Amino acid sequence: MKSIAVKVKCLDTSAIVKLFLDEDGSDNVRAYYNSHTNFCCAEMTFYEAMNVLKSRLFKGEKKDQYFENIKELRIMGWGWFTGKGKLEIETIQLNNVDVFKEVFDCAMKYDIDIADAIQIYAILRGKYSVLAGDSMTVLITADEKLEKAAMENNIRVWNCRKGNKPDWLDN
């Protein structure tokens, strides 16, 4: 009998936003998200996604869509009544000097922003960093710089703008 590795899939801001807005790669990420489980993101990424939705929708006739998307995102992350949604949110303690230094150094080294560096940190040092082999945490992104930084840290990554999900992403 063939065993199947269960993977945790870490969504970055660009992937989360694609769940709500029609962009290049949105169909890929939506199809995958709607048919799989075990998703997570860093808390800062969750808030950054809210901010991106605000910058794109919080104006004129789109305000209703903004509020509806924020409500759906909240349900994804924290559930409605249960306090637990499909997208687990991991808090990274940036107030810890050593954690901040590692995140900051990562951002500088790979020329990525702090939110992206937190995603790298969460995968390498966070709750699911103990997973290995086929069960190792996967990053889903549409950000080429973050994709490159992840690959340089031996993180498996799917850039959802570059095509359909790879076969190794099945769980």
Query raised in the report: Can you find a residue in the range 95-103 that is more than 25 Å from Val6 (Cβ to Cβ), among the charged types (D, E, K, R) and in contact (Cβ under 8 Å) with a residue 12 or more places away in the chain?
Result: yes
Query - Where Glu48 falls short, out of the listed (1) surrounded by fewer than 19 Cβ atoms within 10 Å (Cβ to Cβ); (2) over 18 Å from Ile155 (Cα atoms) - result: (1)
Report task. Filter the range 8-37 down to residues that are touching a Phe, Trp or Tyr at 6+ places or on another chain (Cβ under 9 Å) and in a loop (DSSP other than H, G, I, E, B) and give me whichever is nearest to Val130 (Cα to Cα). Result -> Val8
Query raised in the report: What residue, of Leu87, Leu146, Leu73, is under 18 Å from Val17 (Cβ atoms), buried (at least 20 other Cβ atoms within 10 Å of the Cβ) and at pLDDT 95 or above?
Result: Leu146
Query - Among the candidates Val52, Val6, residue that is touching a residue at least 12 places away in the same chain (Cβ under 8 Å) and more than 23 Å from Asp143 (Cα to Cα) - result: Val6
Query raised in the report: Looking at (1) in contact (Cβ under 8 Å) with a residue 24 or more places away in the chain; (2) surrounded by fewer than 20 Cβ atoms within 10 Å (Cβ to Cβ); (3) aliphatic (A, V, I, L, M), which is the one condition that is false for Val17?
Result: (2)
Requested in this report: Tell me which residues, restricted to the range 90-112, are acidic (Asp, Glu) and at pLDDT below 95.
Outcome: Glu90
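The values are calculated or read from the model by the stated rules, or taken from the named source; none is laboratory data. Keep in mind that this is a model prediction, so the values were computed, not measured. When we count neighbours, we look across all protein chains shown, and the Cβ atoms used for this are built from the backbone with ideal geometry, even at glycine.
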